[in-house]
Amino acid sequence: MVYTIMIDRTKIDEILSRAEKLEGLCKEDVTYLLNSYSNKLKERIFYLAKEIKERIYGKRIVLFAPLYVSNYCQNECLYCGFHKNNKSLKRSRLTIESLKKEVEILINEGVKRILLVSSEDPSINVDKLCEFIESIYSLKNLKGSIRRVNINVAPLSVEEFRKLKLANIGTYQVFQETYNQSKYKIYHLSGPKSDFRYRYEAPFRALEAGIDDIGLGVLFGLDDPVMEIRGLLTHIDEMKKIYGVGPHTISIPRLKYAKGADLSYNPPYPIDDEFFCYIVAILRIAVPYTGIILSTREDRYLRDKLIELGVSQISAGSSTTPGGYLNKANEGEQFSTSDHRSLKEIVLNLVERGYIPSFCTACYRKGRTGEVFMELASDGRIRSFCDKNAILSFAEYMANFGEDRKGELKIKLEEILVNFSNDFLKEKIDKIFSGEKDIYI
């Protein structure tokens, strides 16, 4: 629900002036912009969001794939297809061997970055998660390997998070779902996830355990979106105050249909596409240093638009079913997806629209995480790394997966390189096309 107010144009100018300087915005500023929604202001913010995103991240779009390892769950969440009393869901969990088969498929499609996802399955503890991660990193073939495993699992203790840190994860991702505590109790009937505070403090425990990069998120549709954004920004402010670092990423899922999850049939607070775009654009100017992640919940046309307005990372060719890359059936999915394009189709689409598909994982391996990343991103210096590493990772993708489109893609790469009078890049690309892999700065 959006509350339209009498717009103070001077105040709007002051807020957007701060945003333009990459200063970010406080929750009061963001609330004012959200409640001042109008077509004229929307177009102004859309323009600024696009400009800020390109100043910080350039034209690169990071690509990843989720890998679900279980849909057995001990929670009763009214919006999720995995809830424990869903009798219509086909349950499954991966073994090490079946996980390896899934990973091999992803490697052979060109994936370099995986988001490991698990329901709250009692049989998959932190040691099993570490075993999964070790197995993923161990797989290599002529097409390459997975270079970074990010993880989305239930909140853990500090000691358990330390084990994940030692397993060499990238970002730990946890969504609060809704910041409205009273509604949280209504939507989460039972199970460990029903503890609002334990979930809220999970990012803090992860940071305490030494995990530098944290991903937050809201499931839009569960409460008034203006209040959800205020809750998210309060969470971020608390994180920055205590630990000196904000989230590495923010995810922006909307509640989508999930078979057997009654709430998903009729979201309590539906958000139309235009206001959803407005939310994303405002998040981009409010937290300019943070990556914004968009899943395949949304259709291809809206995803294309949201990339222009602030999204910097997208999933591609996704399955939300354990074993779903080998077995294409979706009886065990967490929620329905809308963008069914393959990774290759999305790569071609991005290139045709002037973006650089990025498979880069350099920052994790170069130590540009946590406070270091925030410092580089806050004033746009991270772009000098992002652009170059995106080009190098895209060149490697072309060398291994370009096949019949390789000539066309090389032309696109040459067009991109016109803006980079850099002999270093050209030299490294030549090495890549001669067979060398994993070149980054």
Verdict on Val117 being out of contact with any Ser or Thr (no Cβ under 9 Å at 6 or more places or on another chain) and surrounded by 15 or more Cβ atoms within 10 Å (Cβ to Cβ) = no
ask   = Pick from Lys90, Lys101, Lys50: which is in a loop (DSSP other than H, G, I, E, B) and of a type in the set (Lys, Arg)?
value = Lys90
query = Quick check: anything in the range 20-33 within 23 Å of Gly221 (Cα to Cα), outside any helix (DSSP H, G or I) and among the acidic types (Asp, Glu)?
reply = no
task = Working only within the range 226-276, note down all residues that are of a type in the set (A, V, I, L, M, F, W, C), out of contact with any Lys or Arg (no Cβ under 7 Å at 6 or more places or on another chain), assigned to a loop (DSSP other than H, G, I, E, B) and over 16 Å from Cys26 (Cα atoms).
result = Ile252, Leu255, Ala258, Ala261
In the range 155-174, residue farthest from the chain's Cα centre (by Cα) [restricted to those that are surrounded by 20 or more Cβ atoms within 10 Å (Cβ to Cβ) and part of a loop (DSSP other than H, G, I, E, B)] = Leu156
request  = Looking only at the range 128-144, decide whether some residue is part of a strand (DSSP E or B) and in contact (Cβ under 8 Å) with a residue 60 or more places away in the chain.
outcome  = yes
request  = Starting from the range 330-343, keep only residues that are touching a residue at least 40 places away in the same chain (Cβ under 8 Å) and closer than 20 Å to Ile107 by Cα, then list their pairs with residues that are part of a loop (DSSP other than H, G, I, E, B) and not small (Gly, Ala, Ser) whose Cβ atoms are within a distance under 8 Å, requiring at least 6 positions of separation or different chains.
outcome  = His340/Thr296; Leu343/Val111
message = Any residue that is hydroxyl-bearing (Ser, Thr, Tyr), within 17 Å of the chain's Cα centre (by Cα) and buried (at least 21 other Cβ atoms within 10 Å of the Cβ) - is there at least one of those in the range 271-280?
response = no
request  = Filter the range 162-194 down to residues that are without any contact (Cβ under 8 Å) to a residue 24 or more places away in the chain and in contact with a helix residue (DSSP H, G or I) (Cβ under 6 Å, 6 or more places away or on another chain) and give me whichever is nearest to Tyr137 (Cα to Cα).
outcome  = Tyr184
message = When you scan the range 204-214, do you find a residue that is in contact with an Asp or Glu (Cβ under 9 Å, 6 or more places away or on another chain), in contact (Cβ under 8 Å) with a residue 60 or more places away in the chain and of a type outside the set (Val, Ile, Thr), even just one?
response = yes
Flag for Asn266 being closer than 24 Å to Leu116 by Cα and surrounded by fewer than 18 Cβ atoms within 10 Å (Cβ to Cβ) = no
query = Which of the residues that make up the range 350-377 are assigned to a helix (DSSP H, G or I) and buried (at least 17 other Cβ atoms within 10 Å of the Cβ)?
reply = Leu350, Val351, Ala362, Cys363, Tyr364, Gly370, Phe373, Met374, Leu376, Ala377
task = Take Val226 and decide whether it is in contact (Cβ under 8 Å) with a residue 60 or more places away in the chain and more than 25 Å from Ser315 (Cα to Cα).
result = yes
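Each reported figure results from applying straightforward, stated rules to the coordinates on display, with no laboratory input. Owing to the predicted nature of the structure, the values given are computational and were not obtained by experimental measurement. Here Cβ is always computed from backbone atoms with ideal geometry, including for glycine, and neighbour counts include all displayed protein chains.
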